[in-house]
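Reviewing the structure listed below.
The values are calculated or read from the model by the stated rules, or taken from the named source; none is laboratory data. Predicted model only: the values in this text are computed from it and were never measured. No Cβ is skipped: glycine too gets one built from the backbone with ideal geometry, and neighbour counts run over all protein chains shown.
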Amino acid sequence: MIGDMIETRIHGRGGQGNVAAAYLLAAAAFEAGRYCQAFPAFGAERRGAPVAAFVRIDATPIHLRSQIRTPDYLVVQDDTLLLDPKITAGLKADGAMLVNSTRSGEEIGAHFDCRAFSVDATALAVAEIGRPIPNTALLAALLTLTGEFPLDALAAALKKRFHGAVLEKNMALIEHAADAAPKGLWARETVDA
């Protein structure tokens, strides 16, 4: 089991499911037997405004209660946010950035001098659920890239949030998004806790 805390900062725009992504990631961590926190930070509360959300995951109880300044992972739900040169502020040297984009991860990583992977999560979401909400696809890709916990945990979290056709479509979406990401590309060394 991973022995240290994992901190993820999620960037998006109002209406993209940014806060829902944070809560789903935390719920998936909980389903995998981890301790977790998820919380948003809002600027202007309007559709399309930049929004950040934060997730902490650990094998032990989390007592820290602050925004995440030095994330292990960044998830960027809207690649227009890459115009902000401070988007990667605080990203750990061995951290990585997942971007919803048609641009290549290599190009993005070279520009920001970090490990990056991109997936067209919006196109996957439109194809599977009929709406341009990239959050579920990005979470599936993140879990596939990191191997921090299984996709089954995300599926269990989705089952507690959605039902019927919406659930079925999201389950298909996580499978397709997982197929779009190399398994374990960002896997960290594990230590016995």
**Item:** In segment 72-119, the residues that are surrounded by fewer than 17 Cβ atoms within 10 Å (Cβ to Cβ), closer than 19 Å to R56 by Cα and not charged (D, E, K, R)
**Value:** A89, G90, A93
**Message:** Kindly evaluate L154 against the criterion of being over 19 Å from D78 (Cβ atoms), assigned to a helix (DSSP H, G or I), at pLDDT 95 or above and not polar (S, T, N, Q).
**Reply:** yes
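If we only count strands (runs of 3 or more DSSP E) wholly inside segment 1-97, which ones have 2 or more residues that are at pLDDT below 95?
On the way: elements: 6-13, 35-42, 50-58, 73-76.
So the answer is 6-13, 35-42, 50-58.
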**Request:** Tell me, yes or no, whether segment 155-162 has at least one residue that is buried (at least 20 other Cβ atoms within 10 Å of the Cβ), touching a Ser or Thr at 6+ places or on another chain (Cβ under 8 Å), farther than 28 Å from E107 by Cα and touching a residue at least 12 places away in the same chain (Cβ under 8 Å).
**Result:** yes
**Request:** Select, from L138, L124, L145, the only residue that is surrounded by 20 or more Cβ atoms within 10 Å (Cβ to Cβ), touching a Phe, Trp or Tyr at 6+ places or on another chain (Cβ under 6 Å) and not in a loop (DSSP other than H, G, I, E, B).
**Result:** L145
